Structure formats: structure tokens, C-alpha cells
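**Student:** Take a look at the following structure, please.
The values are calculated or read from the model by the stated rules, or taken from the named source; none is laboratory data. Owing to the predicted nature of the structure, the values given are computational and were not obtained by experimental measurement. Virtual Cβ from ideal backbone geometry, glycine too; neighbours counted across all protein chains shown. Accessible surface areas use protein heavy atoms only, side chains included; no ligands, DNA or RNA. Shrake-Rupley method; radii C 1.70, N 1.55, O 1.52, S 1.80 Å.
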Amino acid sequence: MLTLAEQRVLLACIAQIDSKAVLTENYRFEVTASGVADLAGLDSLSNAYRDLKKAAEKLYERSVIIDDPDPDNPQITQRKTRWISSIDYVPGEGKLVLSFSVGIIPYLSQLSREFTKYKLKHVARFESVYSIRLYELLVQWSSAGEREIEVEWLKKQFQVEDKYNRLGNLKKRVIDPAIAEINEHSNLWVTYGQRKAGREVTHFQFQFGLKDQPKERKHLSDEEITRQARPGETKAAVIARLNGTSIAEFAKPGETFDQALERKRGLAEVKKRLR
């Protein structure tokens with residue numbers, strides 16, 4: 001269970017990996033305090049280098065246990081390795097240079113390829129480690145659109161097996177905040193329900209999918225605009241209509257683009273005054 005600060009350091013490193021290149025043990029990651037703050041959307045840089053150093057040093061102390069690490073040698077049942085093998089400090093530039101352990105490099109490469117599926121910007125602004133983990137699970141299930149999972153299995157994924165024995169606390173502290181952050185910051189929407197066996201809730205039922213993506217604007221030549229223009233229609237109105245903008249849909253029959261825009265602004269002002 002990495003802290004949020006440790007996960008952000010890890011994300012900042014993963015962002016530097018070329019998913020098409022081979023990552024070697026000699027690769028060194030430069031992580032700046034300002035870079036982590038920008039990645040996470042943090043406004044304040046106060047104590048940013050101190051916090052970065054503290055997070056990296058805590059990550060340095062962490063270890064990972066990998067089950068069955070070598071398919072060619074089944075006699076090895078487990079391998080224990082650190083995340084980071086060395087840290088170089090460059091305080092004058094607010095920067096650390098990190099080297100990852102040899103044993104973790106192959107998995108770091110795999111993780112960077114996964115990040116091509118869920119963009120870094122969607123998780124970097126989360127404030128909860130549970131949000132990141134739930135987002136990862138939803139992306140793995142993305143072909144389904146819905147998933148029913150056991151409550152105890154999900155607690156294990158969050159590494160809270162010995163906490164939140166009351167379902168209400170689990171939902172309040174883990175599930176609900178994670179779903180709120182995913183809906184606010186990421187490219188996914190998600191809702192959930194629950195299934196009971198008798199009086200006991202045994203399963204969570206998740207429904208999820210991609211949010212509506214903004215339509216790609218068409219690049220229109222002057223000739224195409226002239227050809228598509230309706231009688232009395234301005235150039236701006238043609239572009240708006242062909243790109244399916246909200247103003248084009250908002251306009252009344254016979255109303256120009258500028259008239260529709262002015263009317264929409266007027267309505268917005270009236271609504272603002274009524275609040």
C-alpha cells in the first residue's frame with residue numbers, strides 16, 4: 001500500500017517511459033518537485049521539494065513480493081525486491097534522480113504500457129489511493145461495462161482486509177470517495193449498487209463507461225464553407241452548424257449565429273440573476 005505521495009512519484013517516473021523502448025537497469029528518472037505538483041494539479045509549491053524527498057525516501061524503503069517470478073524456473077516461488085535502488089539529490093534544482101531495482105524493471109515496463117490505456121492525467125489529480133486502484137480495476141474490466149464483485153475480494157484489492165468491518169464505513173471511507181473522484185477527474189463515469197444474501201451485503205455491482213468525448217472539429221476550407229452556406233448564413237454560423245456546436249443547435253429557424261449567441265448569453269444572465 002503506497003501513500004498518495006509515493007504513488008505520485010511513481011506516476012511521474014512512469015510518465016517518462018517510452019512504452020515502445022526497452023527499459024534497462026541503467027535508466028535514471030529525473031523527478032522535480034514542480035513536475036510532480038504540475039502533474040497532480042497542485043497550486044502551491046511550498047515545501048514541495050521536502051515532500052518529494054520524503055516520498056521518494058519512503059518509497060526507497062518499500063519492498064515488493066512477487067509470486068512465481070520466473071516461469072523458466074518454477075523452483076523459485078517468491079522474489080522480494082525493492083522499488084528503488086538509489087536516489088541522487090539535487091536540491092538546488094528541486095530535483096531527485098531515481099534508479100529502480102533490477103527486479104522491478106520488467107514490471108515497470110509493463111505498467112508503462114498499461115498507462116497508454118488510461119492516461120496519466122486521469123489519475124494524477126486523485127486525492128485518494130483507493131481512487132487510483134479502483135480506476136485501474138475499471139479499466140481492466142472496460143470491455144464489460146458492468147461488474148459484480150465480492151465485497152471481501154474488493155477489500156483485498158484495497159488492502160483493507162483488517163479494516164472497515166462495518167459496510168457503512170467501507171463505503172464512506174473508501175468506495176464513495178473513490179467513485180466521486182473518478183467521476184470528477186477521469187474520463188470514466190461509474191455508479192454502483194449492492195447485492196445481499198439474506199440481510200448481509202455480499203457483492204458490489206459496478207456500472208461504468210467512457211464519458212462523452214468532445215467531438216473533433218472539422219477543418220473546413222473556404223470553398224467548403226461557401227458551398228455549404230445557406231442563404232443569409234454567416235461564415236461563423238456555417239462552421240458552427242457543420243461542427244454540431246451547441247449554438248447551432250440552439251438557434252431558432254431564421255436566426256443568425258450572432259443572434260443565437262446573443263440570445264443565449266442573455267438567458268444565461270437572467271438565470272444568473274435568479275439564483
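**Student:** Looking at the stretch 63-85, can you tell me whether even one residue there is in contact (Cβ under 8 Å) with a residue 24 or more places away in the chain and of a type in the set (Asp, Glu)?
**Tutor:** If we filter the stretch 63-85 for residues that are in contact (Cβ under 8 Å) with a residue 24 or more places away in the chain, which is where we start, we get 64, 66, 69, 79, 83-84.
Pick out the ones that are also of a type in the set (Asp, Glu) and you get none.
No: zero hits.
**Student:** Sticking with this structure for a sec: Only one of GLY35, GLY94, GLY103 is surrounded by 14 or more Cβ atoms within 10 Å (Cβ to Cβ), touching a Lys or Arg at 6+ places or on another chain (Cβ under 9 Å) and within 27 Å of PHE126 (Cα to Cα); which?
**Tutor:** Values: GLY94 fails: touching a Lys or Arg at 6+ places or on another chain (Cβ under 9 Å); GLY103 fails: within 27 Å of PHE126 (Cα to Cα).
The unique qualifying residue is GLY35.
**Student:** If you don't mind, there's one more thing I want to ask. Could you give every pair whose Cβ atoms fall below 8 Å, whose first residue belongs to the stretch 199-212 and is closer than 11 Å to GLU150 by Cα and at pLDDT 90 or above, and whose second residue is open to solvent by 30 Å² or more (accessible area, probe 1.4 Å) and among the aliphatic types (A, V, I, L, M), counting only separations of at least 6 or pairs across chains?
**Tutor:** Between residues of the stretch 199-212 that are closer than 11 Å to GLU150 by Cα and at pLDDT 90 or above and residues that are open to solvent by 30 Å² or more (accessible area, probe 1.4 Å) and among the aliphatic types (A, V, I, L, M), the close pairs are VAL201/LEU167.
**Student:** Those residues that are in contact (Cβ under 8 Å) with a residue 40 or more places away in the chain and not in a helix (DSSP H, G or I), I need them from the stretch 170-193; list them, please.
**Tutor:** SER186, ASN187, LEU188, VAL190
**Student:** Residue check: is GLN194 open to solvent by 100 Å² or more (accessible area, probe 1.4 Å) and not aliphatic (A, V, I, L, M)?
**Tutor:** Taking the combined requirement at face value, the residue does not satisfy it.
**Student:** I would also like to ask the following. Give SER128, SER142 a once-over and let me know the one that is within 23 Å of LYS58 (Cβ to Cβ) and of a type in the set (S, T, N, Q).
**Tutor:** On the way: SER142 fails: within 23 Å of LYS58 (Cβ to Cβ).
Among SER128, SER142, only SER128 is within 23 Å of LYS58 (Cβ to Cβ) and of a type in the set (S, T, N, Q).
**Student:** ASN26 versus (1) at pLDDT 85 or above; (2) surrounded by 13 or more Cβ atoms within 10 Å (Cβ to Cβ): which is the lone unmet condition?
**Tutor:** Result: ASN26 fails condition (2) only.
**Student:** Moving to a separate point now. Can you find even one residue in the stretch 42-56 that is within 26 Å of TRP189 (Cβ to Cβ), exposed (fewer than 14 other Cβ atoms within 10 Å of the Cβ) and within 19 Å of the chain's Cα centre (by Cα)?
**Tutor:** For the stretch 42-56, residues within 26 Å of TRP189 (Cβ to Cβ), exposed (fewer than 14 other Cβ atoms within 10 Å of the Cβ) and within 19 Å of the chain's Cα centre (by Cα): absent.
**Student:** Follow-up question, since we're still on this one. Does any residue in the stretch 126-154 that is under 15 Å from GLN7 (Cβ atoms) come within less than 7 Å, Cβ to Cβ, of a residue that is outside any helix (DSSP H, G or I) and modelled with pLDDT of 90 or more six or more places away or on a different chain, and which pairs are these?
**Tutor:** Taking only residues 6 or more apart or on different chains, the pairs are TYR130/PHE158; ARG133/PHE158.
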